[in-house]
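The values are calculated or read from the model by the stated rules, or taken from the named source; none is laboratory data. A quick note: this is a predicted structure, and the numbers were derived from the prediction, not measured. For neighbour counting, all protein chains shown are included, and Cβ atoms are generated from backbone atoms with ideal geometry for every residue, glycine included.
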Amino acid sequence: MKHSIIQYTVKEGRANENEGLIRDMFAQLQVEKPTGIEYVVYKTGDSSFMHMIAFDSDDANNQFTEMPAFNAFRAALKERIETPPERTDVSQVGNYKRGE
């Protein structure tokens, strides 16, 4: 499974808009329930975001990037961000999920 962390900061006054678009992606994931995807997003402070995502295959990656909600998120990303997204590929050392 390939894991990545993507971090960026949005422009002042754009955090709520960005957060809403992220919530739309999670809503679509909850409806479609694609397999092979692990995804979590954190907000730090008022305007920085950290997306942690993992795909177990190219097909899972394609399912995610072809979602209408993801495309809506990406559509005006350049206008929303203050700093360009920085992607770091990482290796998972451990993972705990309560109830699983």
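Below, the figures for the structure above:
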| quantity | calculated |
| --- | --- |
| Qualifying residue in the stretch 32-44 (condition: farther than 14 Å from residue 2 by Cα and part of a helix (DSSP H, G or I)) | yes |
| Sole residue being within 16 Å of residue 78 (Cβ to Cβ), surrounded by fewer than 16 Cβ atoms within 10 Å (Cβ to Cβ) and out of contact with any Pro (no Cβ under 8 Å at 6 or more places or on another chain), chosen from 2, 33, 11, 43 | 11 |
| Qualifying positions in the stretch 49-60 - part of a helix (DSSP H, G or I) and without any contact (Cβ under 8 Å) to a residue 24 or more places away in the chain | 58, 59 |
| Filter result (under 20 Å from residue 12 (Cβ atoms) and out of contact with any strand residue (DSSP E or B) (no Cβ under 7 Å at 6 or more places or on another chain)) within the stretch 24-67 | 45, 46 |
| Pairs with Cβ under 8 Å, 6+ apart, first in the stretch 10-38 and of a type outside the set (A, V, I, L, M), second part of a loop (DSSP other than H, G, I, E, B) and modelled with pLDDT of 95 or more | 28/67; 32/67 |
| Positions within the stretch 47-70 being surrounded by fewer than 11 Cβ atoms within 10 Å (Cβ to Cβ) and over 15 Å from residue 2 (Cβ atoms), in sequence order | 66, 68 |
